[in-house]
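Beneath this line is the structure, given in structure tokens, with notes to follow.
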Amino acid sequence: MSKVITIAVDAMGGDDSPKKIIDGINLHYQNNKNIFYKIFGNSEIINKIVPKTFPTNSFEIIHTKDEVKGTDSALSAAKRGKHTSMWLAIESVKKKESDIVVSAGNTGALFVIAKLNLKMIETIDKPALSGLWPNKTGTSIVLDLGASIDCSEKNLIDFSLMGSALFKAL
């Protein structure tokens, strides 16, 4: 049996959360049984929408009523965010309690909170969003995805190094 992967999920981020998030987890689990989900958010709401058929040994709900709103600035979300579902999900990766963090929430806040919590390689100045791009010959990796409007030459080189490393790891 392969290693169980633990995914920290910000259940309160994004439109129609947490229902869409829980539906997504349920759909993902149907084809990925070696996953454990740490679900961060309001347990009073989440418990009502987790399907009764979903195995209780495949997830844990970590309760918090605090959440990052889509209208929050990245800085304000980070300043008040130590008890938000997004912050706690990222922090679980920092503490090595989770392998991956997923959030459909405020991208700017996600970047700032991740940068505050997760160490970056010293020579890298700026993280990059990356996407796996399925195509006819396999999968390509696309970095930045329009997230950065002000990139230096060094940032672009760093993005290419990060993209190369990700491609090799996959």
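The values are calculated or read from the model by the stated rules, or taken from the named source; none is laboratory data. The structure displayed is predicted, hence computed values, not measured ones. Because the Cβ atoms are built from the backbone with ideal geometry, glycine has one as well, and the counts that use them run over all protein chains shown.
Miscellaneous remarks
- The single condition among (1) out of contact with any Gly (no Cβ under 7 Å at 6 or more places or on another chain); (2) in a strand (DSSP E or B); (3) surrounded by fewer than 17 Cβ atoms within 10 Å (Cβ to Cβ) that Ile141 does not satisfy is (1).
- Lone unmet requirement of (1) part of a helix (DSSP H, G or I); (2) touching a residue at least 40 places away in the same chain (Cβ under 8 Å) for Gly105: (1)
- When segment 46-57 is filtered for residues that are surrounded by fewer than 16 Cβ atoms within 10 Å (Cβ to Cβ) and either within 15 Å of the chain's Cα centre (by Cα) or within 24 Å of Glu97 (Cβ to Cβ) (or both), the ones remaining, listed by number, are Asn47, Ile49, Phe54, Pro55, Thr56, Asn57.
- Odd one out for Lys94, checked against (1) under 18 Å from the mean Cα position of the chain (by Cα); (2) more than 26 Å from Asp16 (Cα to Cα); (3) at pLDDT below 90: (3)
- If you go through segment 61-92 and keep only what is in a helix (DSSP H, G or I) and among the aliphatic types (A, V, I, L, M), you end up with Ala74, Leu75, Ala77, Ala78, Met86, Leu88, Ala89, Ile90.
- Selection count, segment 1-57, where residues are among the aliphatic types (A, V, I, L, M), assigned to a loop (DSSP other than H, G, I, E, B) and over 23 Å from Ile113 (Cα atoms): 3
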